[in-house]
Amino acid sequence: MSASHTTAARLAEELAAGNVTAVEVTQRHLDRIAAVDGQVHAFLHVDAEGALEQAAASDARRADGRSLSPLDGVPIAVKDVMATKGLPTTCGSRILEGWVPPYDATVVARLREAGLPILGKTNMDEFAMGSSTEHSAYGPTRNPWDLGRIPGGSGGGSAAAVAAYEAPLAIGTDTGGSIRQPGAVTGTVGVKPTYGGVSRYGLVSLANSLDQAGPVTRTVLDAALLHEVIGGHDPRDSTSIDAPLPDLVGAARRGAEGDLTGVRIGVVKELGGEGYQAGVLARFQESVDLMVAAGAELVEVSCPSFVHALATYYLILPAEASSNLARFDAMRYGLRKYPEGVEAPSAEEVMRATREAGFGDEVKRRIILGTYALSSGYYDAYYGQAQKVRTLISQDFAEAFTHADVLLSPTAPTTAFELGEKLDDPLAMYLNDLATIPANLSGVPGISVPSGLADEDGLPAGVQILAPAMRDDRVYVVGAALEAALTEKWGGPLLDQARGLEGVSA
Amino acid sequence: MATTPSITRDEVAHLANLARIDLTDAELDHLAPQLSVILESVASISGVADENTPPTSHALPLTNVFREDVVTPGLTADEALSGAPEHEGQRFKVPRILGDEQ
C-alpha cells in the first residue's frame, strides 16, 4: 500500500512519530494528483509550490516542538467555493474565472492556523448548483470507481479527490446534499454539520439559510478530526452558533469500539421504497441489521411532511440564490462583458451581457425560478408557502427525535449514473437529493458512510445518519460504529475495491 | 394562485430582464418549457400548510449580533480593487449609470 493510501489520522501519527515528514506526505499527494487528475479532474487549481512551502513550515514547527494541531502537516483540498487568499476561487463559474480573493474564508484561515498544507481547489457544479459536477464551467469531474460516471455533486471534486487518494482530506459544502451525496456515490465519508456549526464567512453563498461547510474524508474519525479544526463560533458569521462543539473525535473513537447498546435508531419511512435502487436498499437494510446486531434498538419513524421537502427546497433555494447571485454585477470583481453593437452601454446593459456570458444553464434556470417565486403576486403562493412547509418539516424532525436518537436513510436513491444521463433533465437531477434535503431545511447534522456496493452495478452506496441540531457527536458515534462493523465484514476499507483507476501509476 | 402553473416564453423573458440576464432566443425556447415542468412539480406544496403554521426563514432561531465599536483591520483600497474589471485611482470604474437625457 502506498503512503497516500492511508488515513489522515494515521498520517498524523506517522508525522508525530517522525516516521515521515510533511514535505514527503505533501509531495506524494502532489505526485498522485499529477498521475491521475488528468483523468479524474477533481482539481481546478493545484498549488504545488504553496503546499510544499506550508509543509516545510510544518516540519520546521514540529522540529521545534511547536506543532499547531493534531493535523499539522496533513495536506487538504478545498472546494472552490471557499475564498482562499492568493489562490484562484471560481465557484466553477466563468463569471469568476481568474478571481483571486484578497482574503481567506474562516474555514481556510482555520486550516492554515492548524498547519494543514492546502493542495489546491476542487471542482464543483457552478455555484454549487447540481448533483453531478457536470454543471462546472470547467468540465466535469469523473468518479474514481468508473470514469464514465458522475462523482456526485455539487462537491464531486472534493469527494473524487479523496476517493482517488489525491488528498487525505477535503472541504465540502452542503446546501441540499452536496457533501453527503458525493460521499455516497464515491464510497467516501461526508459530514454536513449542524447549520451554524461551521462558519460561512468567505463561503460564496448559494442559499445562505441552507449552506453549511463540512469534512470530506475516507473515514469517520478523519471527519471528526477535521470538523474540530474548522468548527466553532465565528463572530464574522451572524448565523454562527455561539457554543462549544461537542467532543467529536471522542465520539468517533467511542463509536469505533462498535457498541451501540441503548442507541435508538429510527428508519424514516418516507425516505426509502419507491424511487430507490434495489441494491441501495439492500445495502441499507444490511447496515441497519449490523447496527441492531451491535446493540441498537430499531424503531420506525414517520415524517409525513418529508414528501414535500424537494418542492420546498426548489422554491427556497432559487429564491435565496437569485438574491445572492445579484452580487455578480460586473462592477467590483469577476467578469465584465460589453454587449455587442451597443455604443456607450449602460451599467445595466453591461450587467445583462456579463451575466448572459458568465452564467451557465443551471444557474440561469434557478435565478429565473427564484425571481419568479419572489415576484409580487406569487410570493405568498410559492416562497411564503415553502417557508411554512419548512416549519412542518422541522416539526417532523422534532417529533421523530423523541422516538429515536438518530434517524437513518439511504443517502442517495441511486448509485452513480453515467455522465450526460441527466444533464438536461433538471427534475431527474433534482431527485438525487431527495433524502438529503430535509436536513438542510431543518438545520440538523448528517453524515454519509459507505454501506457497500450495489449488487446490480458494483458501485458504492451510502447510509445517511441524522441527529438533532447541535448533537453532531451522535452522527460520529453511530457512523463510526457502522463503519467498524462494515469494515470488518468487508475485510478492509470499501475503497480498496475501487478499480476505476487501475493501471494508473503512482 | 394559478391552478395550472406554467411560465410562458414572454414571462421568462420578463423574468430574465428583472434578473438582469440577457437570454438568446434559443435559450428562451429551451428554458421556458423546463421552467414550466419544474414549476408544476414544486406547486404541489400549495395548501400543505395552513394559515396557522408560522414560516421558518432560518433553521435555528437567530438573534441580532453586536460587538464593541472598535476598529478592526479590513481590506486596503488596493486589495479591495484587486479583482475589479476596471479601476481608476482608488475607485471602481463602471459604465455610465444614467441615460442620455440625464
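The values are calculated or read from the model by the stated rules, or taken from the named source; none is laboratory data. Source: prediction; values computed, not measured. Cβ sites come from the backbone with ideal geometry, for glycine too, and all protein chains shown count toward neighbours. Note: areas computed on protein heavy atoms with side chains; ligands, DNA, RNA excluded. Shrake-Rupley method; radii C 1.70, N 1.55, O 1.52, S 1.80 Å.
Below is a table of values for the structure above.
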| item | result |
| --- | --- |
| Every residue from segment A:355-367 that is open to solvent by less than 30 Å² (accessible area, probe 1.4 Å) and either facing another protein chain (nearest Cβ under 9 Å) or in contact with a helix residue (DSSP H, G or I) (Cβ under 6 Å, 6 or more places away or on another chain) (or both) | A:Arg355, A:Gly358, A:Phe359, A:Gly360, A:Val363, A:Lys364, A:Arg365, A:Arg366, A:Ile367 |
| Residue that is over 19 Å from the mean Cα position of the chain (by Cα), assigned to a loop (DSSP other than H, G, I, E, B) and in contact (Cβ under 8 Å) with a residue 24 or more places away in the chain, where the choices are A:Glu502, A:Glu456 | A:Glu456 |
| Residues that are buried (at least 23 other Cβ atoms within 10 Å of the Cβ) and under 25 Å from A:Arg390 (Cα atoms), drawn from segment A:269-295 | A:Leu271 |
| Segment A:322-354, residues that are within 7 Å of chain B (Cβ to nearest Cβ), among the hydrophobic types (A, V, I, L, M, F, W, C) and closer than 30 Å to B:Ser57 by Cβ | A:Ala330, A:Met331, A:Met351 |
| Residue in segment A:206-228 that is farthest from the chain's Cα centre (by Cα), counting only those that are among the β-branched types (Val, Ile, Thr) and more than 14 Å from A:Asp247 (Cα to Cα) | A:Thr219 |
| Hits in segment A:6-23 - residues which are in a helix (DSSP H, G or I), more than 21 Å from the chain's Cα centre (by Cα) and touching a residue at least 12 places away in the same chain (Cβ under 8 Å) | A:Leu11, A:Ala12, A:Leu15, A:Ala16, A:Ala22, A:Val23 |
| Of all residues in segment B:65-75 being more than 27 Å from A:Thr194 (Cα to Cα) and open to solvent by 70 Å² or more (accessible area, probe 1.4 Å), the one that is nearest to the chain's Cα centre (by Cα) | B:Leu75 |
| Any hit, segment A:368-376, residues being under 29 Å from A:Ser132 (Cα atoms), under 23 Å from the mean Cα position of the chain (by Cα) and open to solvent by less than 30 Å² (accessible area, probe 1.4 Å) | no |
| Qualifying residue in segment A:402-424 (condition: assigned to a helix (DSSP H, G or I) and either open to solvent by less than 10 Å² (accessible area, probe 1.4 Å) or within 12 Å of chain B (Cβ to nearest Cβ) (or both)) | no |
| Residues of segment B:34-64 classified as over 24 Å from the mean Cα position of the chain (by Cα), open to solvent by 40 Å² or more (accessible area, probe 1.4 Å) and at the interface with another protein chain (Cβ under 7 Å from one of its Cβ atoms), total | 2 |
| Total residues in segment A:340-353, condition surrounded by 17 or more Cβ atoms within 10 Å (Cβ to Cβ) and in contact with a helix residue (DSSP H, G or I) (Cβ under 7 Å, 6 or more places away or on another chain) | 0 |
| Looking only at segment A:296-314, and only at residues there that are touching a helix residue (DSSP H, G or I) at 6+ places or on another chain (Cβ under 6 Å) and part of a strand (DSSP E or B), the one that is most open to solvent (accessible area, probe 1.4 Å) | A:Leu298 |
| Scan of segment B:76-94 for residues that are loosely packed, with under 13 Cβ neighbours inside 10 Å and not in a loop (DSSP other than H, G, I, E, B), ordered by number | B:Ala77, B:Asp78, B:Glu88, B:Arg91 |
| Hits in segment B:76-99 - residues which are at the interface with chain A (Cβ under 8 Å from one of its Cβ atoms) and of a type in the set (Asp, Glu) | B:Glu79, B:Glu86 |
| Single residue of segment B:1-17 satisfying the filter (in a loop (DSSP other than H, G, I, E, B) and within 7 Å of chain A (Cβ to nearest Cβ)) that is most open to solvent (accessible area, probe 1.4 Å) | B:Met1 |
| Total residues in segment A:276-291, condition in contact (Cβ under 8 Å) with a residue 12 or more places away in the chain and either among the acidic types (Asp, Glu) or out of contact with any helix residue (DSSP H, G or I) (no Cβ under 7 Å at 6 or more places or on another chain) (or both) | 11 |
| Residues of segment A:374-418 classified as at pLDDT below 95 and touching a Cys at 6+ places or on another chain (Cβ under 8 Å), total | 0 |
| Total residues in segment A:223-261, condition more than 14 Å from every other protein chain (Cβ to nearest Cβ) and open to solvent by less than 60 Å² (accessible area, probe 1.4 Å) | 20 |
| Considering residues of segment B:18-29 that are at the interface with chain A (Cβ under 8 Å from one of its Cβ atoms) and assigned to a helix (DSSP H, G or I) only, the residue surrounded by the most Cβ atoms within 10 Å (Cβ to Cβ) | B:Glu27 |
| Flag for A:Val449 being under 19 Å from A:Pro144 (Cβ atoms) and surrounded by fewer than 18 Cβ atoms within 10 Å (Cβ to Cβ) | no |
| Candidate set from segment A:324-338 (those that are outside any loop (DSSP other than H, G, I, E, B) and over 23 Å from the mean Cα position of the chain (by Cα)); member that is surrounded by the fewest Cβ atoms within 10 Å (Cβ to Cβ) | A:Arg327 |
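Yes/no per residue for (1) hydrophobic (A, V, I, L, M, F, W, C); (2) closer than 27 Å to A:Ala128 by Cα:
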| position | (1), (2) |
| --- | --- |
| A:Glu13 | no, no |
| A:Asn19 | no, no |
| A:Val23 | yes, no |
| A:His29 | no, yes |
| A:Gly50 | no, yes |
| A:Glu53 | no, no |
| A:Asp64 | no, no |
| A:Met82 | yes, yes |
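Yes/no per residue for (1) within 30 Å of B:Val70 (Cα to Cα); (2) modelled with pLDDT of 95 or more:
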position	(1), (2)
A:His233	yes, yes
A:Asp242	yes, no
A:Ala251	no, yes
A:Glu257	no, yes
A:Leu260	no, yes
A:Gly266	no, yes
A:Glu270	no, yes
